[in-house]
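K.L.:
Could you have a look at this structure, given as structure tokens, before my questions?
Derivation of every value follows stated rules applied to the coordinates shown; laboratory data play no part. As the structure is a computational prediction, the values presented were derived from the model and not from experiment. Cβ: placed from backbone, ideal geometry, glycine included. Neighbour counts: every protein chain shown.
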Amino acid sequence: KAPFHTLSAISSGVKDVREVITRAASGRGRTILFIDEIHRFNKAQQDALLGAVEKGVITLIGATTENPSFEVNSALLSRSQVYSLKALTEENLLELLRVAMEKDEQLSERTIEIKEHRTLLNISGGDARKLLNLFELVVDNLPEDPAVITDDKVVQVAQQRVAQYDKDGEQHYDIISAFIKSIRGSDPNAGVYYLARMIEGGEDVKFIARRLVILAAEDIGNANPTALVIATNCFQAVQMIGYPESRIILSQCVTYLASSPKSNAAYMAINQAQQLVQKTGDLAVPMAIRNAPTKLMKEQGYGKGYKYSHDYPGNFAQQEFLPEEIQGTVFYDPGKNAREEDMRKRLKALWGGKYEY
């Protein structure tokens, strides 16, 4: 049998880890080290485990309630196998309560009627330990016999939000992802729902507002330029007002953005332009549109031949603005919506076949 050591990341540090590794290295065979709440170890503490794991000095078993992709160092994670424990089903949880009422010393002495169980199960989130702790707490707060469990009583006793939301864990990323995708998908109802999930979970309202500003430019863009104005004003207002009134401002912004026509044309344009810059490097700017602040530069041809747009009919004059090597390249392809179709028509009228609008 291999030696088995247990540490809790809450109360242990690098010193404790190294002591176990030292004992394991001086012994025979492989030592098993179990670390509970391993996500609470910082990078330095997790790094202390890496060498021993690589050399086979210890077999590491780490338990975490968080997504290891976010909480465990990639080097350690790549040398590990991940086993996900799924939330218990409703049937499992109800059976657990039945067994507890029959066999637990204290609970079995009480007459308990579970009239409603939905809130109990929701708050537990599929976690057996959390369910039993909450159940015992509720029963202890019901001195009468029989103790009748109802949803209202559970909420009253629990004194916590039913919605599970961890600002630093996997749930955070799932909810914000659903929030953004709902607005992008033009569903104001889902957008407001996930907004409420974040607010009830204690999310920073400024974080939410910043994401809305980004979304307005990335997913709506020139299909409705007012969206960016609304989102920016929302961010400024949230900073001034704060919670709880800021939730109303956020709701207005979310419903407006979700109901707006969508276009990612501006987002795609900058992506393609950056990709080309990375491939082509620092191409020479056409001489006609270079800055010419000195006499010498003017003599060298800087600014020569530049056409000042406002001197021409319609405030436009065809000329080359892109470097010679990439002339005619199209980055901005207006989206298929009313506003950008008008922009496409205008650009086609101005540039003819140059950019194939």
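K.L.:
Enter the angle in degrees (range 0 to 90, nearest 10) between the Cα long axis of helix 338-351 and the first principal axis of the Cα atoms of the chain, meaning the one along which they spread out most.
P.N.:
30 degrees
K.L.:
Normalized C-alpha radius of gyration of the chain, against 2.2 N^0.38 Å?
P.N.:
Compared with the compact-globule rule of thumb, the chain sits at 1.51.
K.L.:
Can you tell me which aspartates and glutamates have their Cα less than 14 Å from the Cα of K55? Leave out same-chain residues fewer than eight positions away.
P.N.:
List returned: D47.
K.L.:
How about segment 237-306: which chymotrypsin sites (Phe, Trp or Tyr not before Pro) there are in a DSSP loop, with at most 15 other Cβ atoms within 10 Å of their Cβ?
P.N.:
Sites meeting the loop and neighbour criteria: Y306.
K.L.:
Another one. Take the cross-link list K103/K130; K206/K279; K206/K262; K181/K279 and give me the ones stretching past 26 Å between alpha-carbons.
P.N.:
K206/K279; K181/K279
K.L.:
Output ³J(HN,Hα) for segment 301-314: one whole-Hz value per residue in order, computed from phi by the Karplus curve 6.51 cos²θ - 1.76 cosθ + 1.60 with θ = phi - 60°, and x for Gly and Pro.
P.N.:
Karplus-based 3J(HN,Hα) across segment 301-314 equals x, 5, x, 6, x, 5, 9, 6, 3, 6, 8, 10, x, x Hz.
K.L.:
Angle, helix 246-259 long axis vs. longest principal axis of the chain, Cα atoms, 0 to 90°, nearest 10?
P.N.:
60 degrees
K.L.:
Can you give me the distance in nm between label points at D187 and M287, each placed 7 Å from the Cα along the Cα-to-Cβ direction?
P.N.:
The modelled label-to-label distance comes out at 5.9 nm.
K.L.:
Sticking with this one: To the nearest Å, what is the center-to-center distance of segment 17-55 and segment 80-143, using C-alpha atoms only?
P.N.:
Comparing the Cα centres of segment 17-55 and segment 80-143, I get a distance of 34 Å.
K.L.:
Let me ask another. How charged is the neighbourhood of R30? Take every other residue with its Cβ under 12 Å from the Cβ of R30, and add Lys/Arg as +1 and Asp/Glu as -1.
P.N.:
Taking every other residue near R30 into account, the sum is +3.
K.L.:
In percent, how large is the relative contact order of the chain, given Cα pairs closer than 8 Å and 6 or more residues apart?
P.N.:
Relative contact order of the chain: 9 percent.
K.L.:
What does segment 249-344 give for Rg and for Dmax, in Å, if only its C-alpha atoms count?
P.N.:
Radius of gyration, then largest Cα-Cα span, for segment 249-344: 19.1, 59 Å.
K.L.:
Could you give the semi-axes, largest first, of the ellipsoid that matches segment 14-145, computed as the square roots of 5 times the alpha carbon gyration tensor eigenvalues and rounded to whole Å?
P.N.:
Taking √(5λ) for each eigenvalue gives 41, 17, 13 Å, largest first.
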